[in-house]
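Everything below concerns the one structure shown next.
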Amino acid sequence: MSRKLGRIMSSSRMVSFVAFLAATLAWVLNMPALFTVSLLALAASAVLYLSDKYKESKKKRAS
């Protein structure tokens with residue numbers, strides 16, 4: 001399952017998708033704590049994305 005999911009979504013995309021859904025739900029239901037956690041998850045997905053890009057560029061330079 002994880003191999004198939006890896007072809008469709010990277011980990012940062014999956015985290016940002018779940019965080020976006022949670023943030024939308026928190027906004028609709030007026031839940032500020034969940035909204036804050038969702039924003040933190042979005043920031044974490046940005047960090048994952050940037051680290052993936054850095055590792056990818058590092059591999060390209062090595063080869």
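Residue-by-condition table, conditions (1) at pLDDT 85 or above; (2) part of a helix (DSSP H, G or I); (3) surrounded by 14 or more Cβ atoms within 10 Å (Cβ to Cβ):
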| site | (1), (2), (3) |
| --- | --- |
| Leu40 | yes, yes, no |
| Leu48 | no, yes, yes |
| Ser51 | yes, yes, no |
| Arg61 | no, yes, no |
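Among all positions in the range 22-33, there is at least one residue which is touching a Pro at 6+ places or on another chain (Cβ under 8 Å) and open to solvent by less than 80 Å² (accessible area, probe 1.4 Å).
The values are calculated or read from the model by the stated rules, or taken from the named source; none is laboratory data. Everything quoted here is computed from the prediction, not taken from an experiment. Here the Cβ is made from the backbone with ideal geometry for all residues, glycine too, and neighbour counts use every protein chain on show. For the accessible areas, the whole protein counts, side chains as well, though only heavy atoms, and no ligand, DNA or RNA atoms are used. Shrake-Rupley method; radii C 1.70, N 1.55, O 1.52, S 1.80 Å.
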